[in-house]
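Single-structure report; data block below.
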Amino acid sequence: MTVRTTLWAVGWLVAGLLLASCGSDQPSATDPTTRSSVAGADKLAACPSTESKPPVSNGLPDLSLPCLGSGPDIRLADLRGPLVINVWAQWCTPCREEAPYLADLAKRATGKVQLLGIDYDDPRAELAVKFAGDQQLSYPHLVDPDKQLRQPFKIGGPPISVFVNSDGAIAYVHHGPFTSQQQLDQLVRDKLGVAL
């Protein structure tokens, strides 16, 4: 065996060992055990259990997303309103700008309108948890790392907000950030029929 052949064989052996150590037993960013171990995730609002319901015409897509904090996965088609779903990401500057309006709505809308956040296409779970905590977004948040909502919500990029009526139908989709509290409150009134 020549020196060149020996080096080639050793190189393949080392590469094989390195690849084996990077196998599928490593936790992924979407693994629930990884999410729940992210510092601060336990301080976020827990995702509630939802009763299974049949999908409705012009309703939310029939797919399930994991909770950013604690709690079960949520099947979107089970949800009924009045509900505002805000699709955001911690790396999104307009999402940061509109966050205070959503936090304020959540405080004033208790018992009238539900809020649900969806962290979209976000590779940094720890920064998403920090963002939701820092912005005082006191409602449950889901995670969509694989952009499953891209097609049904026609997402070019966050933020997007979906207004869902009491029957579970999508009443309105707002693309882009809210620019004022008045704008958000007016949309809740006009699209969901709820005065705050």
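The values are calculated or read from the model by the stated rules, or taken from the named source; none is laboratory data. These numbers were taken from a predicted model, which means no experiment stands behind them. All Cβ positions, even for glycine, are placed from backbone atoms using ideal geometry, and neighbour counts span all protein chains on display. The area values use the complete protein model at the heavy-atom level, side chains included, leaving out ligands, DNA and RNA. Shrake-Rupley method; radii C 1.70, N 1.55, O 1.52, S 1.80 Å.
Things to note:
- Note, ³J(HN,Hα) from phi for the range 164-173, Karplus 6.51, -1.76, 1.60, rounded to Hz, x at Gly and Pro: 10, 7, 5, 7, x, 7, 6, 7, 6, 10
- For the range 133-140, the Karplus equation 6.51 cos²θ - 1.76 cosθ + 1.60, evaluated at θ = phi - 60°, returns couplings of x, 4, 7, 6, 7, 7, 10, x Hz by residue, with Gly and Pro reported as x.
- At a probe radius of 1.4 angstrom, the accessible area of the range 59-147 per residue rounds to 37 square angstrom.
- The range 63-78 - phi-based ³J(HN,Hα) in whole Hz, Karplus 6.51/-1.76/1.60, Gly and Pro as x: 9, 10, 10, x, 7, 6, x, 9, x, x, 4, 10, 8, 4, 5, 7
- Cα gyration tensor, the range 142-196 - rounded (a/c under 1.5), prolate or oblate: oblate
- Distance from the Cα centroid of the range 45-67 to that of the range 152-196 is 17 Å (rounded to whole angstrom).
- Straight-line cross-link reach from LYS191 at under 22 Å between alpha-carbon atoms covers these lysines, not counting any fewer than eight positions away in the same chain: LYS107, LYS112, LYS154.
- Calculated P(r) tail over 17 Å for the range 79-151, as whole % of Cα pairs: 40 percent
- Anchor LYS130: aspartates and glutamates whose Cα lies under 15 Å away (excluding residues fewer than 8 positions away in-chain): ASP42, ASP119, ASP122
- Charged neighbours of VAL56, selected by a Cβ distance under 15 Å, balance to -1 (K, R count +1; D, E count -1).
- On the range 55-196, 48 percent of the accessible area sits on carbon and sulfur atoms, based on a 1.4 Å probe.
- Nearby aspartates and glutamates by direct alpha-carbon distance to LYS53 (threshold 19 angstrom, same-chain neighbours under 8 apart not counted): ASP62, ASP73, ASP78, ASP167
- Considering all C-alpha pairs of the range 94-196, those separated by over 23 Å amount to 23%.
- Taking a Cβ cut-off of under 15 Å around PRO82, the surrounding Lys, Arg, Asp and Glu residues balance to a net charge of +2, with basic ones at +1 and acidic ones at -1.
- For the pair ASN58 and GLU97, label points projected 7 Å from Cα toward Cβ lie 3.0 nm apart.
- Amide H contacts of GLY71 (H built 1.01 Å from N, in plane; Pro and chain starts excluded): CYS47 sit under 5 Å, all sequence-distant by 5 or more or on other chains.
- Sequence-distant residues sharing a close amide H with ILE118 (under 5 Å, placed H): ASN86, VAL87, TRP88, LEU142
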